[in-house]
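Okay, structure first, notes after.
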């Protein structure tokens, strides 16, 4: 059987049984939608992912883009794929009908695009980046910019990028030095160098528009002096003419090899025009709209990449005969390796990561929909707080645990997994980027602990606790085994206590002490968040089983994966909390706080 | 500064301060040695690793071996490297003077070769495999085989391999089908197919000798019917003539790219001669000598690969300026990223894995020396039990944690780490093989729990506990912080209790139940074993500081890494034990025991 990329049954379960996305159709924004339009969009994405993207994945991986005559040439198969992704409406699926979009809920769109990411995440990257870039212009640009750039980007005629990083300024955007000098004609003359620009040039479309952070002459230092510009590779003149954006170098990435990552040089001849998007010196706040969308997209990339590998290893384990169980020393035929407990452990661990992570991303997306479109202000505000809180978690758990999951998929393939005759090694390479781009895992930890869990005086965290407690109560009522419910309840209590202790440290002026274990805190929080998703899924499965709904196998598998995650991962919370705070009356481990460079 | 590959100061600390290898020179086997000869050997290995292997690593990685005219052609730089490795005496450094060796302690040889592995592990692979293969013939072969094969292999004229795996028989050696038919001339005619044969053909020497498991016609089924054969690619006739061993395929490995991994076909023309080594049907027992040596070698490969990446990321972190600490929002110059707490965490975690793992391998090697050469039978027996017990741990902790460590080295390099312009991605690829070859991590867990910890009626485990308790007592006496000592003592107690509970389950007939969590058990045991190494190193460092020995920095770093590992990793033992046994009166988590294939 061909690789399904994701489990359709699980995706449908999330959409229609766990989250009940059909209720969104009661909101004015989604009034034209219903399960039929959702399923149609899903079916198209599934078909494209399975029939077009997955089959061409290895060829595209094996022959990355090359520069010829100053222009990037991408794999010819992308020229077949890209128009079909555009035709599916992916550049603006969730945007309003008024700008040509389908006004689909983010939740539906996100789960549908997961199939495309799983099929070939760098092929999807072109439309994903274009969509997010055009969305920035839609929200912050004036009518002329929308006409000039947004409409062509949503139409797929031009693509978009985000151009933040410079060789000396990656995580530290405060140090961006790209300069923009105003002209009398309304545009700016831009000069500077950007690095790691994904899709910065290619031969799929006539033009690429870079959403670029730069500093207007005389602007303040630091992040408060950054403005957002749209800078096309080619500008309109006598047809499209060169806009003095040069590909100064190609990064030889170890994955995502369908999508070029470039060093771009703006304005070497003094003739690179950029158009200010929105107000001057508001670039960071504006860009964060794109960054937050991108972070959730990265989380989905990560889960999709773990998912395709999980399904590949599941099929391999069912088909590969090797050895016999320890209790059976008889010389019968060898058994499929899925019969070995440790192989089943590796498969169930992947399932727990993939389907737990996907549930978290689906829930996060649902709150994006509610934050944008719920009728009551209070609901919108509540969902926005939750969305902001969950974003660093929905980015990092998939990236970090996804890497572990991809390594397990390779491991199940044994020695064959170590060869490029099999695909798991390629997905493992792809996955590693997700802990790095759109903010490293370390940056996400600082965001979560330093900003998100203490937001609105702790309100965001209280809402999160409410959600988790609600899921636990539902699970108890549905008859989910008490030990699992207790485990999560205890982990949540520890999380709240740990957060209070750390926040108090910060308020007392010890910011470095508060944030010392922010990565451990992010891990701890992620385990509770994914534990929440598993107890919720277990509750829904138990309810369905009690109601005698459909075949049991799927629900039994959900219950088993929930049991696994709650027994294996959630109990780590106590030890992580002790690291962060030192436990009752203790002190946090200070080993790397006091470690000096010369001691290494 | 050039990458040191390993820390010389730490290697010297292990050899001369922690393990006091000079005391081995009191044994007759090592009477001709002393610190001077040890240091000479170490200095040569360090020089070769740094000046010859490391500088050519990337070129060799980038251009893997190719088949031309039916013969494998390896990278030309290997033709410079190989003779120098042979000249250093690496094929038989630890073997007796009587067979041309240097009769060095394994401990010294292992730490010296770690530099060569760190410099280029596939280049070292040729001599490592040859040494282990020739050692098999030295121990089990007769005089004629020794003259024909062993002497040429030890001299580096021919190389050796281990040829166990067949396409349908990897972990399950019982299913090996390679056939051997006796002839009147003393040799056997062999036919069969082997896969993943590292170094199975190349153009560095005239010949390759495969230590091959096969089944003599009429032998019993299963592992008890396997015999060991020496099968050369070319045999002596009119000069060296073809021995009907054909390269049937090349595996495109994702790492170790200097060393070909081949599919070999024996006897397609019915003319492949093999020579029986030792007794018929004793192949598995004999091969395990090589397997056990190879497992420790894999552990060392893993630590070496983690170490070179650790040092690369340490230098990068000291040199790369980016951002400012959270407590300092001033717009001063950017700081080196080693100033960020989370980067220091990633560096200290690598140090804890690399130097903790290296200490474990050094200790394991010391017991190999004592098992072979101590004067008293009781000491030899004690060390042999400990060596056997530690082998799966010394293989797996480095492989599994080394992969995490290598990923951290890449992560510290940020986006640059994701490109093949920097080296960490290559070492990450190299590292992944170590959880697979010479027995997967799953196999090692079964070996540890199903065989090693219950060996000799629990005597091996009791000896291990004695060693750990001894180290804790020494640490307490030296003033190592009590919390760290208590943490390890508690983890050891949990380990002993968990083992007793599981062993009782096995004795009661529930073998599958006993072994269900063997991978978790291996992780648990590894944490205690490496915790032991850290408390021991912390004790020695504290003693040295109290005695006012030398500069403080190194010892302070050892104390800090010990603190980190004992606070961060060792506390996981409690949760792992609960998984394995269910804790007091409970039941082990049975999620993947009851998970059915159709539930996935």
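Per-structure values
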read-out: For the range A:435-484, convex hull of alpha carbons as volume per residue, Å³; value: 114
read-out: Semi-axis lengths (Å, descending) of the ellipsoid that matches the C-alpha gyration tensor of the range B:375-427; value: 40, 9, 7
read-out: Cα gyration tensor category, rounded, prolate or oblate, for the range B:376-471 with a/c compared to 1.5; value: prolate
read-out: Isotropically averaged projected area of the range A:254-364, using the convex hull of Cα atoms (one quarter of hull area), nm²; value: 11.7
read-out: Calculated P(r) tail over 18 Å for the range B:215-286, as whole % of Cα pairs; value: 56
read-out: Normalised per residue, the volume of the convex hull around the Cα set of the range A:130-251 (Å³); value: 113
read-out: Ascending count of other beta-carbon atoms within 10 Å, so fewest first, for B:316, B:115; value: B:316, B:115
read-out: Exam field: residue A:404 pseudo-label spacings to other copies (7 Å along Cα-Cβ), nanometres; value: 0.8
read-out: Relative contact order for the range A:461-600, counting Cα pairs under 8 Å that sit 6 or more residues apart, in percent; value: 32
read-out: Cα gyration tensor category, rounded, prolate or oblate, for the range B:548-588 with a/c compared to 1.5; value: prolate
read-out: Two-site FRET efficiency, residue B:241 against residue B:43, from Cβ-Cβ distance with R₀ of 45 Å, rounded to 0.05; value: 0.60
read-out: Proxy reagent accessibility, fewest Cβ within 10 Å first, across A:173, A:390; value: A:173, A:390
read-out: Rule-of-thumb Rg ratio for the range B:3-56 [Cα; 2.2 N^0.38 Å; N residues]; value: 1.30
read-out: Hydrodynamic radius (Kirkwood) for the range B:508-600, which is based on Cα pairs only, to one decimal in Å; value: 15.9
read-out: The range A:109-171 versus the range A:192-266: alpha-carbon centroid distance in Å; value: 13
read-out: For residue B:249, inter-copy label distances in nm, listed shortest first [label point 7 Å out on the Cα-Cβ vector]; value: 4.1
read-out: Contact order normalised by residue count of chain A, Cα under 8 Å, 6+ apart, percent; value: 12
read-out: Helix-derived mean residue ellipticity, 222 nm - over chain A, DSSP H n ≥ 4, -39500 (n - 2.57), to 500; value: -17500 deg cm²/dmol
read-out: Centre separation in Å (Cα based) which lies between the range A:342-396 and the range B:395-435; value: 29
read-out: The range A:120-186: relative contact order in percent, alpha carbon pairs under 8 Å with at least 6 residues between; value: 28
read-out: Rounded Å value of the spacing that divides the Cα centres of the range B:1-79 and the range A:449-488; value: 54
read-out: Relative frequency of Cα-Cα separations exceeding 61 Å in the protein assembly as shown, percent; value: 11
read-out: Evaluated at q = 0.10, 0.12, 0.13 Å⁻¹: base-10 log I(q)/I(0), Debye formula over Cα of the range B:31-176; value: -0.40, -0.57, -0.66
read-out: Residue exposure sequence - B:275, A:534, A:599 - by fewest surrounding Cβ within 10 Å; value: A:599, B:275, A:534
read-out: For the range B:328-406: Kirkwood Rh in Å [reciprocal of mean 1/r, alpha carbons]; value: 15.2
read-out: Model label zone, residue B:378; criterion: amide N under 15 Å from point 7 Å along Cα-to-beta-carbon; scope the range B:449-493; value: B:463
read-out: Calculated FRET value between residue B:181 and residue B:510, using beta carbons and R₀ = 41 Å, to 0.05; value: 0.40
read-out: At 7 Å out from Cα toward Cβ: residue B:269 inter-copy label distances (nm, ascending); value: 6.6
read-out: Pair residue B:459, residue B:35: separation of 7 Å Cα→Cβ label points (nm); value: 3.6
read-out: Translational D in µm²/s for chain A (Stokes-Einstein at 10 °C, 1.306 mPa s, Kirkwood Rh from C-alpha pairs); value: 63
read-out: P(r) of the range B:405-563 over all Cα-Cα pairs, binned every 10 Å from zero, in whole percent; value: 10, 27, 26, 26, 10, 1
read-out: Gyration tensor (alpha-carbon) shape descriptor, the range A:242-318, a/c threshold 1.5; value: oblate
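Read-outs: derived from the displayed coordinates by stated rules, not from any lab. Just so we're clear, the structure is a prediction, and the values are computed from it rather than from any experiment. Because the Cβ atoms are built from the backbone with ideal geometry, glycine has one as well, and the counts that use them run over all protein chains shown.
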